[in-house]
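Student: One structure coming up, written as structure tokens, with questions to follow.
The values are calculated or read from the model by the stated rules, or taken from the named source; none is laboratory data. Keep in mind that this is a model prediction, so the values were computed, not measured. Using ideal geometry, Cβ is built from the backbone for each residue, glycine included, and neighbour counts are taken over all protein chains shown.
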Amino acid sequence: MEEVDQKELNLPSRKRTSKTTKGVSNFERNQKIREIIFKVVTSELTQGQALKILRMDIIGLKQDAYAKLVKVSRKTISEIENDRGNYTADVINKVFKPFGLKVGLVPQSTHLLAAIFTKQDFD
């Protein structure tokens, strides 16, 4: 997973989701990202739910500020987060890029999936 430093985002004026939202350390950010990846892969979260959690908890930006960051419309962010619309891999990659994530193949086999998460050899 590619790590993205908060300074690399170059946000001149950040519109936090809340004045009480505080930043997270690199360790906390990476842990949260791993947790969300696992939940998406195991179908506990949708892609849209994952984006909303990452946007709010990791970067702490409102939809409009995040949309400007990733160069898509606020409506696109809203539709993805609410699991509406049918977006191309290019658009999905744009919105997940700040977290070092992109579209990929996910095995349907629970055996293969378990092997990936435990780094076992593939039989």
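Student: Could you grab me the full set of residues in segment 67-84 that are of a type in the set (K, R) and part of a loop (DSSP other than H, G, I, E, B)?
Tutor: Result: K71, R84.
Student: If you don't mind, there's one more thing I want to ask. Whether any residue in segment 86-101 is within 10 Å of the chain's Cα centre (by Cα) and surrounded by fewer than 14 Cβ atoms within 10 Å (Cβ to Cβ) is what I want to check.
Tutor: yes
Student: Output the residues belonging to segment 96-121 that are under 22 Å from S43 (Cα atoms) and not in a helix (DSSP H, G or I).
Tutor: Listed by number, the residues that qualify are G100, L101, K102, V103, G104, L105, V106, P107, Q108, S109, K119, Q120.
Student: Taking segment 5-61 as the region of interest, how many residues are loosely packed, with under 15 Cβ neighbours inside 10 Å and modelled with pLDDT of 70 or more?
Tutor: Here the count works out to 11.
Student: Hey, among the residues in segment 36-63 that are in a helix (DSSP H, G or I) and among the basic types (K, R), which one's nearest to L105 (Cα to Cα)?
Tutor: So, considering only residues that are in a helix (DSSP H, G or I) and among the basic types (K, R), the one nearest to L105 (Cα to Cα) is K39.
Student: Please specify each residue of segment 85-95 satisfying the condition of being assigned to a helix (DSSP H, G or I) and either within 16 Å of K75 (Cα to Cα) or small (G, A, S) (or both).
Tutor: The answer is A89, V91, I92, K94, V95.
Student: Inspect all residues belonging to segment 63-82 and state whether any of them is surrounded by 17 or more Cβ atoms within 10 Å (Cβ to Cβ) and at pLDDT below 95.
Tutor: no
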